[in-house]
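A short worksheet on the structure shown next.
The values are calculated or read from the model by the stated rules, or taken from the named source; none is laboratory data. Since this is a predicted model, take the numbers as computed values, not measurements. FYI the Cβ positions are ideal-geometry reconstructions off the backbone, even for glycines, and counts take in every protein chain you see. Just so you know, the surface numbers come from the protein's heavy atoms only, side chains and all, with ligands and any DNA or RNA stripped out. Shrake-Rupley method; radii C 1.70, N 1.55, O 1.52, S 1.80 Å.
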Amino acid sequence: MHGYGGDKAKVVARLRRIEGQVRAIEQMVENDKYCIDILTQISASNSALKSVALLLLDDHLNHCVRQASVEGGAIADEKLAEASAAIARLVKS
């Protein structure tokens, strides 16, 4: 089971809401809504995605990385490198 297993329902619910937000943005564009209003909704969607990403990262650190640190060795190094790379990607976005 992945680290987010306990939060899976919450993650899926959030992603469905984000999906709805993105569909609403598409509808706004199709209906020629004011560009600033569209940008505001895009910003809200980006924030919602970042929130999900942070939840998944927290679960990864508290499950996968914690377990790997108990095992030690190469697996611990691998999981720490994965987490570091994921954090770097999130910071860049």
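Structure values in brief
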| item | result |
| --- | --- |
| Principal semi-axes in Å for the chain [√(5λ), Cα gyration tensor, largest first] | 35, 14, 7 |
| Accessible area expressed per residue, the chain, with surrounding protein chains retained (probe 1.4 Å, Å²) | 71 |
| Charge dipole (debye, nearest 20) of the range 7-92; +1 at Cβ of Lys and Arg, -1 at Cβ of Asp and Glu | 200 |
| Taking the range 7-92 and dividing mean pair separation by its residue count, relative contact order in percent (alpha carbons under 8 Å, at least six apart) | 25 |
| The range 65-74 - phi-based ³J(HN,Hα) in whole Hz, Karplus 6.51/-1.76/1.60, Gly and Pro as x | 5, 4, 4, 5, 5, 5, 5, x, x, 5 |
| Ordering of 66-79, 46-59 by burial proxy (mean other Cβ atoms within 10 Å per residue, highest first) | 46-59, 66-79 |
| Nearest-0.05 FRET efficiency for K33 and E82, computed from C-beta distance (R0 41 Å) | 0.55 |
